[in-house]
Amino acid sequence: MNEFDLAQLIAPALVWYDANKRILPWRGIRDPYRIWISEIMLQQTRVEAVKEYYARFTAACPDIAALAAIDDDALMKLWQGLGYYSRARNLKKAALVMMERYEGQMPHAYDEVASLPGIGAYTAGAICSIAYDLPVPAVDGNVLRILSRVRCDERDIIKEATKKAVRTELLAVMPMHRSGELNQAFMDIGATVCLPNGEPGCGECPWAVVCLAKKTGRISELPNRKKAKKRRIEERTIIVIRDGERVLLHKRPPKGLLAGLYEPLNIEGYKGEQETRDLVRSLGLDPLHIASLGEAKHIFSHIEWHMKGYAVRVADAADYADKDGYLLVEKQRIIEGFSIPSAYAAYMRDMR
Ligand code: SF4
């Protein structure tokens, strides 16, 4: 790494932040609980989408005690649509730890915050700097990208070793005051100026005069990241089995993809109409009518589901209630209380 002095970025970033910061519902607060919730939501979701979820979540769970006490299904329902459900499960796990060890409060020491379930170095840095003004950095992909450009740093930003090294380098120059605002300035520069795709807005950038990538014309080459692994494609057949106004749902296993969430029947491979009828019969149900629901796709981080769907009306599915993880549920109850992953949105439209 070259000898670029990171300290020279701090004052311009803070001046820029004062004039250009984004107005967000979780900005300007020092409540570590709300900062935590917003940061976890923002990890995989766009800011605009998070605003609504954040308002709904913090109204339903206004503090750590309420989050620790929430019913698992209600928690999944609150999170429905945000994806990456393990984030929600870890929120509750961490809330339970805080109830047990920290009297229902977010701890103040960085190491204690970073040891909570679902809280890594980035989130701990954001919480401790914004809520407590601790001089710790919050290094995520955005920060790695903008610093790689400004310093012409060719280290692979996908590597954990690079992230760790950048965190150490930033830690050495963090100011004793306004560390939270500095971290938020980095976040905002990454989100609104030095953009990941397309042309960065160098004309608006507080670091334009010192930026080495700009000086040397290497912006488009940076950051250096090795190609992400290709996603595995899985073909699935989704079967929505209905018995009048009731729908047969299945609870997924407690571990793995979409753990513990309810879903319609989800079968490996593409099935034709006749195969689908036979399959429904093999469950002990009597299919009366079958209709195609078309094709849909859902993208997870490492897997893509390419789906074909069918709606099957059956004579009487009552025998299946509460059996082998299956549950026969009134349509209205699905609307009100069941969290069905957005992966199935194309096939559950008329439940909403
Ligand atoms: S000058 Fe341009 S490339 Fe350099 S950090 Fe700013 S926006 Fe990014």
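Below are the figures for this structure:
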{"quantity": "Criterion: closer than 17 Å to Ser38 by Cα, hydrophobic (A, V, I, L, M, F, W, C) and modelled with pLDDT under 95 - qualifying residue of Met106, Met76", "calculated": "Met76"}
{"quantity": "Candidate set from segment 1-28 (those that are free of Cβ contacts under 8 Å to residues at least 60 places away in the same chain and within 25 Å of the chain's Cα centre (by Cα)); member that is nearest to Asp63 (Cα to Cα)", "calculated": "Trp26"}
{"quantity": "Verdict on Val113 being outside any helix (DSSP H, G or I) and within 24 Å of Met174 (Cβ to Cβ)", "calculated": "no"}
{"quantity": "Some residue of segment 215-222 being surrounded by fewer than 20 Cβ atoms within 10 Å (Cβ to Cβ), within 8 Å of the ligand (Cβ to nearest atom) and over 25 Å from Glu160 (Cα atoms)", "calculated": "no"}
{"quantity": "Residues (farther than 23 Å from Asp156 by Cα and not hydroxyl-bearing (Ser, Thr, Tyr)) located in segment 209-242", "calculated": "Val209, Arg232, Ile233, Glu234, Glu235, Arg236, Ile238, Ile239, Val240, Ile241, Arg242"}
{"quantity": "Qualifying residue in segment 260-269 (condition: at pLDDT below 90 and either of a type in the set (Ser, Thr, Tyr) or in contact with a Phe, Trp or Tyr (Cβ under 6 Å, 6 or more places away or on another chain) (or both))", "calculated": "yes"}
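Matching residues to (1) touching a residue at least 60 places away in the same chain (Cβ under 8 Å); (2) within 16 Å of the ligand (Cβ to nearest atom); (3) assigned by TED's automatic domain parsing to the domain that holds Lys21:
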{"site": "Arg149", "(1), (2), (3)": "yes, yes, yes"}
{"site": "Asp153", "(1), (2), (3)": "yes, yes, yes"}
{"site": "Arg167", "(1), (2), (3)": "no, no, yes"}
{"site": "Val173", "(1), (2), (3)": "yes, no, yes"}
{"site": "Ser179", "(1), (2), (3)": "no, no, yes"}
{"site": "Gly190", "(1), (2), (3)": "no, yes, yes"}
{"site": "Val193", "(1), (2), (3)": "no, yes, yes"}
{"site": "Pro196", "(1), (2), (3)": "no, yes, yes"}
{"site": "Gly203", "(1), (2), (3)": "no, yes, yes"}
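The values are calculated or read from the model by the stated rules, or taken from the named source; none is laboratory data. Since we're looking at a predicted model, the values are computed, not measured. Cβ: placed from backbone, ideal geometry, glycine included. Neighbour counts: every protein chain shown.
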